[in-house]
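The values are calculated or read from the model by the stated rules, or taken from the named source; none is laboratory data. What you see is a predicted model, and the numbers here were worked out from it, not measured in a lab. Positions of Cβ are backbone-derived with ideal geometry, glycine not excepted, and every protein chain shown enters the neighbour counts. With ligands, DNA and RNA removed, areas are computed over all heavy atoms of the protein, side chains included. Shrake-Rupley method; radii C 1.70, N 1.55, O 1.52, S 1.80 Å.
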Amino acid sequence: MRRVAGFTLVELVIVIVLLAIVATISVQFVALSTRGAVDVASRQQRALSGVVVSEHISRGLREALPTSVRTNPSGSCIEWMPIIAASNYENLPGGPTPDSFEAVPLPNGGSARGRVVVYGYGSNLYDVTSPGPVSPLATMPAGASPVTVALDSPHRFSAESPEKRFYIVGDPIALCQSGRWLYRYRNYGINEPVASGLPIAYPGREVLAANLAATSLLFEVTPPTLQRGAVVSFRLVLEDTDTGESTSISQEVQIRNVP
């Protein structure tokens with residue numbers, strides 16, 4: 001009589017155990033591979049965010065008037081006045097009501113409006129009293145040489161530029177870290193204390209980055225001299241709140257604009 005072929009219970013149990021081991025190894029392999037891909041993507045995203053943030057800071061600082069760049073004592077804020085236009089004057093405001101002066105027209109027949117800055121080395125550009133290096137708001141029209149730059153109110157400049165150079169600057173811009181956020185501030189006027197009177201909402205306050213490690217942002221300024229421009233160095237740390245991994249970023253920016 002022929003025996004009936006089949007599996008014993010012991011054989012079935014062994015097969016089930018082996019399949020469970022293989023499945024466990026496969027799941028772990030897939031999980032680790034997926035986790036590795038997620039970690040790599042997270043690092044790449046932080047690196048890209050760092051490039052974007054550092055480039056934004058660098059581009060803003062390259063437009064700054066060098067003598068206007070300053071930081072708060074902790075280095076968590078930097079402030080500067082952006083240059084709108086630059087030209088040469090033929091004379092500075094004079095007379096009992098010094099409210100205008102003649103200048104070389106801007107290239108391409110342009111016009112500009114902002115505060116006029118003449119020289120400014122060794123002066124506080126955030127003190128707008130007269131006499132001083134920074135004027136009230138002024139308008140420089142387009143036209144044939146010479147054009148007349150009109151100040152909104154009388155002002156005397158405290159010094160002359162050796163090259164008769166002047167700049168027209170806009171209202172200050174500030175970058176500050178608050179908690180895990182990096183904010184960009186604008187349209188808040190000129191105040192003597194560093195980065196004071198800052199707006200608390202959009203559009204005066206804009207988010208530049210949202211994943212900074214606490215107190216990681218540090219700005220350091222090397223002021224300009226008659227021989228070289230200003231240098232700004234900054235460093236910050238971007239942090240992943242889920243994994244705790246971080247990416248450190250540091251950069252140096254040379255501000256070549258010379259008053």
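Would you confirm, using the coordinates I've provided, whether Ser74 is of a type in the set (Gly, Ala, Ser) and surrounded by 14 or more Cβ atoms within 10 Å (Cβ to Cβ)? It is false that Ser74 is of a type in the set (Gly, Ala, Ser) and surrounded by 14 or more Cβ atoms within 10 Å (Cβ to Cβ). Looking at the structure I just gave you, is Asn91 surrounded by fewer than 18 Cβ atoms within 10 Å (Cβ to Cβ), assigned to a loop (DSSP other than H, G, I, E, B) and under 23 Å from the mean Cα position of the chain (by Cα)? Here the answer is no, as Asn91 does not meet what is asked. Within region 95-133, the set of residues being without any contact (Cβ under 8 Å) to a residue 12 or more places away in the chain and farther than 13 Å from Ala159 by Cα comprises Gly95, Pro96, Pro107, Asn108, Thr129. Applying the condition of being assigned to a loop (DSSP other than H, G, I, E, B) and in contact (Cβ under 8 Å) with a residue 60 or more places away in the chain to region 226-240 and asking which residue is nearest to the chain's Cα centre (by Cα) yields Gly229. The residues listed here are Glu252, Glu245; of these, the one that is acidic (Asp, Glu), exposed (fewer than 14 other Cβ atoms within 10 Å of the Cβ) and modelled with pLDDT of 90 or more is Glu252.
Checking region 28-42 against the condition returns no match, with no residue being surrounded by fewer than 18 Cβ atoms within 10 Å (Cβ to Cβ) and modelled with pLDDT of 75 or more. Within region 101-114, the set of residues being open to solvent by less than 50 Å² (accessible area, probe 1.4 Å) and either acidic (Asp, Glu) or in a strand (DSSP E or B) (or both) comprises Phe101, Ala103, Ala112, Gly114. The residue pairs whose first member lies in region 44-67 and is under 12 Å from Val232 (Cβ atoms), whose second member is open to solvent by less than 10 Å² (accessible area, probe 1.4 Å) and modelled with pLDDT under 90, and whose beta carbons are closer than 8 Å, counting only pairs six or more residues apart or on different chains, are Leu61/Ile255; Arg62/Ile255; Ala64/Ala230; Ala64/Ile255; Pro66/Ala230; Pro66/Ile255.
Determine if region 43-60 includes at least one residue that is open to solvent by less than 80 Å² (accessible area, probe 1.4 Å), farther than 30 Å from Thr243 by Cβ and at pLDDT 90 or above. Scanning region 43-60 turns up at least one residue that is open to solvent by less than 80 Å² (accessible area, probe 1.4 Å), farther than 30 Å from Thr243 by Cβ and at pLDDT 90 or above. Among the residues of region 205-225, those identified as without any contact (Cβ under 8 Å) to a residue 40 or more places away in the chain, part of a strand (DSSP E or B) and exposed (fewer than 15 other Cβ atoms within 10 Å of the Cβ) are Glu206, Val207.
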